[in-house]
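Trainee: One structure coming up, written as structure tokens, with questions to follow.
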Amino acid sequence: MPQGTKPLLQVLTGRRVDPPPVWLMRQAGRYLPEYREVRARAADFLSLCYTPELAVEVTLQPLRRFRLDAAILFSDILVVPHALGIPVTFVEGEGPRVARLDPTQPLPPFDPEAFDRHLAPVYETMARLATALQGRRETLIGFAGAPWTLAAYLLEGGSSRDFAGARTLAWAQPAFVDALIARLSEAVVHFLDRQIAAGAEAVQLFDSWAGCLPPPLARRLVLAPLGRIVAELARRHPHTPVIVFPRGIGQLYPEALTLGAAAVALDTTAVPEALVARAAGGPALQGLLDPAVLVAGGDVLVREVQRILEVLQPVPHIFNLGHGILPHTPPGHVAQMLAAVRGERIPPA
Ligand code: CP3
């Protein structure tokens, strides 16, 4: 399919497509038995991310099962701090662990050459995916964690329910945290620039922990840095659309519509009615569907898909979840969801 007619790229350039293009955050992952099989062959999760042959394979797995409109590079947001020389590990059943950074330490230096050497396998994965997807309907999406979410892991030393330690530093040591955000922003722009050079046709910034910040911090550490990154990428790659996902930003979502992004991803708690009115002529809207209703499946899933199609009908819309797919999601429910989006007969689970 010529690039200009890919449904997702059409929506990202401001057109409405009916039915809307569909992809799912974390569409490659543990809910697929074929993913678990490949994952078992890799030494650990990060080796899977850094082995192009395996990363290409798991990126393409969901496309073999389902008619989706995008392939998203298989990697992780924490490869950026890892490439900056910060120890990162994934502990089975516990999530990521990151060496904690505190204000008495120097900021991690950003050396683009060392960074690119570390991430060469990720760029290689992207290049192979671009070749594999040539002439097909799927748009190839690259991504990075947004500076605040990466900073949150670094300042906290891993996952947290509320990132209270990172938030405390944001208030108590503003110069240090602002400098960290600036350093991470530089690395994120460079990383996305290299992904685009390797073949990414659109990129998404995941700010998964935007929602733990009160509005003054969210404006300073989430919205302002996202706006600067979008502007710098637009300068370097004016034709590559950027999607921003400030998860949990709540009442600041209207401000996220003004960052200059091609699309804004809505989390499960966003109130779309108010945003649709403001989004006219602005960014496309993506997301909303609760990953838990995808686990539920059946009639309730079909009704929820229809509600979202209706409320986002006036604007350019990319159908997606409001957060990543849950590991216990039955793959048959993804097929039900796709049929509901496209007005086709709903298959049994
Ligand atoms: O969307 C895709 O299919 C592409 C791959 C992708 C992964 N992580 C693979 C992954 C993407 C886009 C991410 C982004 C990511 N990683 C985010 C932002 C999105 C979000 O969910 O909010 C965040 C916060 C991370 C950090 C991260 N990576 C955590 C907290 C965990 C552990 C939690 C868990 O589910 O185990 C990971 C690991 C991870 N990243 C897995 C996958 C498939 C599971 C690891 C495994 O297979 O053992």
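Trainee: So if I check each of V80, V122, which one is in contact with a Cys (Cβ under 8 Å, 6 or more places away or on another chain), closer than 13 Å to F191 by Cα and at pLDDT 95 or above?
Mentor: V122
Trainee: State all residues of the stretch 35-51 that are farther than 23 Å from A127 by Cβ and either within 11 Å of the ligand (Cβ to nearest atom) or touching a Lys or Arg at 6+ places or on another chain (Cβ under 8 Å) (or both); if no residue qualifies, say none.
Mentor: R36, A40, D44
Trainee: State whether the residues of the stretch 234-241 include one that is away from the ligand (no atom under 16 Å from the Cβ), within 25 Å of L169 (Cα to Cα) and open to solvent by 10 Å² or more (accessible area, probe 1.4 Å).
Mentor: no
Trainee: Taking helices (runs of 4 or more DSSP H) that fall entirely within the stretch 1-83, which contain at least 3 residues that are farther than 29 Å from A262 by Cα and either among the aliphatic types (A, V, I, L, M) or open to solvent by 30 Å² or more (accessible area, probe 1.4 Å) (or both)?
Mentor: Of the helices (runs of 4 or more DSSP H) lying wholly inside the stretch 1-83, those with at least 3 residues that are farther than 29 Å from A262 by Cα and either among the aliphatic types (A, V, I, L, M) or open to solvent by 30 Å² or more (accessible area, probe 1.4 Å) (or both) span 33-41, 45-49.
Trainee: So which of L266, L309, L252, L257 is surrounded by 22 or more Cβ atoms within 10 Å (Cβ to Cβ) and either in contact with an Asp or Glu (Cβ under 6 Å, 6 or more places away or on another chain) or modelled with pLDDT of 95 or more (or both)?
Mentor: Residue meeting the stated conditions: L266.
Trainee: For the stretch 158-201, name all the residues that are open to solvent by 60 Å² or more (accessible area, probe 1.4 Å), part of a loop (DSSP other than H, G, I, E, B) and small (G, A, S).
Mentor: Listed by number, the list holds a single entry, S159.
Trainee: If the requirement is being touching a Lys or Arg at 6+ places or on another chain (Cβ under 7 Å) and in contact (Cβ under 8 Å) with a residue 24 or more places away in the chain, which of these qualifies: T149, T139?
Mentor: T139
Trainee: Examine the stretch 98-108 for a residue that is in contact with a strand residue (DSSP E or B) (Cβ under 9 Å, 6 or more places away or on another chain) and not in a loop (DSSP other than H, G, I, E, B), and state whether such a residue exists.
Mentor: yes
Trainee: Does L226 qualify as being under 17 Å from the mean Cα position of the chain (by Cα), closer than 19 Å to A182 by Cα and open to solvent by 20 Å² or more (accessible area, probe 1.4 Å)?
Mentor: Answer is no for this residue.
Residues are listed down the side, and each one gets a yes or a no for (1) free of Cβ contacts under 8 Å to residues at least 12 places away in the same chain; (2) over 20 Å from N320 (Cα atoms):
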| site | (1), (2) |
| --- | --- |
| C212 | no, yes |
| P216 | yes, yes |
| V230 | no, yes |
| Q251 | no, yes |
| L266 | no, no |
| A279 | no, no |
| P283 | no, no |
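Yes/no per residue for (1) open to solvent by 50 Å² or more (accessible area, probe 1.4 Å); (2) more than 25 Å from P246 (Cα to Cα); (3) more than 11 Å from the ligand (Cβ to nearest atom); (4) small (G, A, S):
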site: I86; (1), (2), (3), (4): no, no, yes, no
site: E94; (1), (2), (3), (4): yes, no, no, no
site: D102; (1), (2), (3), (4): yes, no, yes, no
site: D111; (1), (2), (3), (4): yes, yes, yes, no
site: F115; (1), (2), (3), (4): no, yes, yes, no
site: P121; (1), (2), (3), (4): no, yes, yes, no
site: M126; (1), (2), (3), (4): no, no, yes, no
site: E138; (1), (2), (3), (4): no, no, yes, no
site: E156; (1), (2), (3), (4): no, no, yes, no
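The values are calculated or read from the model by the stated rules, or taken from the named source; none is laboratory data. On a predicted model such as this, the values are computed, not experimentally measured, just so you know. We place every Cβ from the backbone using ideal geometry, glycine too, and count neighbours over all the protein chains shown. Each accessible area value is taken on the protein alone, full model and side chains, heavy atoms only, with ligands, DNA and RNA left out. Shrake-Rupley method; radii C 1.70, N 1.55, O 1.52, S 1.80 Å.
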